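Data block below; observations after.
Read the figures in this text as sums done on the coordinates, not as results from a lab. Keep in mind the model is a prediction, meaning the values are calculated, not measured. Because the Cβ atoms are built from the backbone with ideal geometry, glycine has one as well, and the counts that use them run over all protein chains shown.
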Amino acid sequence: MKIDKSLHDDYAVLTLKGEFDTFYCPALMQEVETLVERGVNHLVLDLRLVKFINSTALGAVIKAHKRCRADGGDLVVAQPSPFVREVIRKVGIDKLIAMHDTEQDAIKAIIKHLNQKELAGDAPVDSEKVLIAFPDDTRNKMVGGGKKTKSLVGTMANVDGSRVQFFWNGQKAGFSADQAKQLFFAGGDVQLKFQVKMIKKSFFELVATVDAVEPAGDSGVRITGKFKKVPESDREALSQFAADMAFLKNQLPGS
C-alpha cells in the first residue's frame, strides 16, 4: 500500500492506494501521529484506490479517528471503493466515522468542523492579528530589536477574561519551531496588542505569562498564556465574549 499526502492550511488529505492490511497499519498511524503533532488534526482519508481492507486495518482507521478527536480534530472517509464501503457499512463503522461519496464533500465536512471549532470553548477571535513584544533585552535582540522594542506579528486563536492562545510562525524571520520555543518559554512574559472587534473598537494591550508552547506546522508554534493584571473592564468584556461565543456555538446546526 502507498500513502499520498496533500497538506492544506488547516487539514490534510491522505490517499491510500493498494491493499490495506495488517502490515501497513503502523505506517498509517505514524503518518497520522506526525500530522497531529504538527498541529494538523483534521484529516480526510481517501479510500477510493484501496482494493482490500482487513479487520486490523479497520481498527487502525478507528484509532486514527480517535487520535484526531482526542486532539480536538476530526477524521472522515472519502469516496471508499465498493469493497471498502461494503465492509465499513457491514461492520457499522460508518456510524462512528463520517463517510462521504466525494473528496469535495469530505473536505466541506472538515471545513464545517473547523468553523464550528472556531466558535468553541475559549472564544476565538477569527484569526485577528496580534502584535507580540518581549519586555527583556535578550529576546528583543534575538528578534532583531535594538534599543527600540521590535514587535512580531502573530495570529490570535482563543481568548477569554483570563487566558489567551495565539500562533506565531518564525519562518520569514529564519526561526525554526525549536528556536521559537526559546522565545516563548514557559514562565516568560509577552506583551500583546490585539483587537476583538465584536466587543471593542480599540485595542487590548495586555501582558501574558506563557503556560505552554506547542508545535504548529513546520516553523510555527501555538502559545497559551495567562493574563497578568487585567483591568476589570477588559476582563468583563473578554469573559462576556467567551460566554457569548459558547452560546452561539451550541445554537449552530450539528452542535
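Farthest toward the positive end of the dipole of the chain, out of GLY59, LEU7, ALA177, is the Cα of ALA177, where the dipole comes from beta carbon charges about the Cα centre. Of the beta bridges in segment 129-251, as assigned by DSSP with both residues counted there, near 100 percent are antiparallel.
Where Lys and Arg each count +1 and Asp and Glu each count -1, what net charge lies around ASP105 among other residues with Cβ under 12 Å from its Cβ? Around ASP105, the surrounding residues sum to -1.
For the chain, the antiparallel share of DSSP beta bridges with both residues in that region comes to about 75%. The coefficient of translational diffusion for segment 2-117, derived via Stokes-Einstein from the alpha carbon Kirkwood radius under 20 °C and 1.002 mPa s, stands at 155 µm²/s. With the Kirkwood sum run over all distinct C-alpha pairs, segment 192-236 has a hydrodynamic radius of 12.2 Å.
Among GLU128, GLU232, the ranking by other beta carbons within 10 Å of each residue's beta carbon, starting with the fewest, stands as GLU232, GLU128. Over all projection directions, the Cα-based convex hull of segment 132-206 averages an area of 5.6 nm². Can you tell me what the convex hull of the Cα atoms of segment 1-64 projects to on average, as an area in nm²? The directionally averaged projection comes out at 3.8 nm². For LYS141, which lysines qualify as cross-link partners when the Cα separation must be under 30 Å and same-chain residues fewer than eight apart are set aside? Excluding near neighbours in sequence, the set is LYS129, LYS150, LYS172, LYS181, LYS193, LYS226, LYS228, LYS229.
Here Cα Rg over 2.2 N^0.38 Å was computed from the coordinates, and among (1) 0.96; (2) 1.23; (3) 1.17 the match is (3). Of the chymotrypsin sites (Phe, Trp or Tyr not before Pro) found in segment 182-216, the ones in coil according to DSSP and having at most 13 other Cβ atoms within 10 Å of their Cβ are PHE185.
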